[in-house]
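In what follows, a structure is listed as structure tokens, so that the remarks can point back to it.
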Amino acid sequence: MQITGISALVVGGTGGLGEATVRRLHAGGAKVVVADVNDEKGKALEEELGVRYVRTDASSEESVLAAIAEAESLGPLRVSVDCHGGPAGGGRLVGKDGSAMPLENFTKTINSYLISVFNVMRLAAAAIARQEPLEDGQRGVIVNTASIAAYEGQIGQLPYSAAKGGVVGMTLVAARDLSPLGVRVVTIAPGTFLTPAYGKAGDQLEAYWGPQVPHPKRMGRSPEYATLVASIVENDYLNGEVIRLDGALRFPPK
Ligand SMILES: NC(=O)c1ccc[n+]([C@@H]2O[C@H](COP(=O)([O-])OP(=O)(O)OC[C@H]3O[C@@H](n4cnc5c(N)ncnc54)[C@H](O)[C@@H]3O)[C@@H](O)[C@H]2O)c1
């Protein structure tokens, strides 16, 4: 599928991975809706690139539908990329003081990183399914974001790993569900990416993680995520798959 002339929704579009995706899809000729809760960065992107920012809470049906309506008003909505963040909790299952992890740490993370992803995916899929079919009956593609923590969760990461494992688990079944509608579903599982959100702490993270990555010996860069999004959009035969983007990094236990 060509990027030029389509409309694309990027949820979490002002974040590190999201902004790079917005820039890549915009540069490729798509009309882009930046759906996020960061008004300041959203409006700055709107001014700089001429994309549309819609304040969007990924967990809310009403809010996501408003962003989708905006995207549909710009052109045929064929791409929905979800790379939003949100509140999360962690900790050991049983702490050093013998107490069990608070249930809230788990539910909060699952709400942000799994249920909200499902919410965006179901609504975006229904909207993409309304578009005119292209070659081979295809209508569009959904790209979700997991993490390599779905496979190698580190100590203290149980809720996040469970949420990301859920995103991995949804991928094939969603692709199967949506196959009669011509909508593909692909998930990216990033390793460690250095994004502007880390600020000065980024240098320390790079010094810690960089040497642990087999090759290249550095953290990932947001445009590398965005390049993969563009490849997924353009390659019609990619479907129902989770793609690790991690320089062959495998997380150690801690
Ligand atoms: N950066 C990494 O190393 C890395 C690695 C693996 C997976 N990931 C995943 O990629 C995604 C993006 O990561 P990032 O590094 O770009 O994070 P980020 O914090 O830079 O961006 C996340 C964005 O989500 C937005 N957001 C928060 N709550 C929201 C909500 N309810 N609705 C809509 N938007 C909301 C934030 O405003 C922010 O712009 C996350 O799901 C993260 O778990 C990141």
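Being touching a residue at least 12 places away in the same chain (Cβ under 8 Å), in contact with a helix residue (DSSP H, G or I) (Cβ under 8 Å, 6 or more places away or on another chain) and on the phi > 0 side of the Ramachandran plot is true for just one of Gly166, Gly153, Gly182, Gly137. Which residue is that? Only one candidate qualifies: Gly182. Taken over the stretch 173-213, the residue count meeting the criterion of being assigned to a helix (DSSP H, G or I) and either surrounded by fewer than 19 Cβ atoms within 10 Å (Cβ to Cβ) or out of contact with any Lys or Arg (no Cβ under 7 Å at 6 or more places or on another chain) (or both) is 23. Quick one: in the stretch 66-101, of everything that is out of contact with any strand residue (DSSP E or B) (no Cβ under 9 Å at 6 or more places or on another chain) and surrounded by 15 or more Cβ atoms within 10 Å (Cβ to Cβ), which residue is nearest to Ser7 (Cα to Cα)? Checked the stretch 66-101; the qualifying residue nearest to Ser7 (Cα to Cα) is Gly85.
Restricting Pro196, Pro214, Pro252 to those that are under 16 Å from Leu17 (Cβ atoms), out of contact with any strand residue (DSSP E or B) (no Cβ under 9 Å at 6 or more places or on another chain) and not aliphatic (A, V, I, L, M) reduces the list to Pro196.
Search the stretch 102-126 for residues being of a type in the set (Gly, Ala, Ser) and either within 18 Å of Gly153 (Cβ to Cβ) or under 12 Å from the mean Cα position of the chain (by Cα) (or both), and hand back the single one that is surrounded by the most Cβ atoms within 10 Å (Cβ to Cβ). Here the answer is Ser116. For the stretch 224-235, filtering for residues that are farther than 24 Å from Gln154 by Cβ, of a type outside the set (Gly, Ala, Ser) and surrounded by 15 or more Cβ atoms within 10 Å (Cβ to Cβ) leaves 4.
All of the numbers you see were taken from the coordinates with simple rules; none came from a lab. This one's a predicted model, so the numbers in the text were calculated from it and none came from an experiment. Cβ coordinates were reconstructed from backbone atoms using ideal geometry, including for glycine residues, and neighbour counts include every protein chain displayed.
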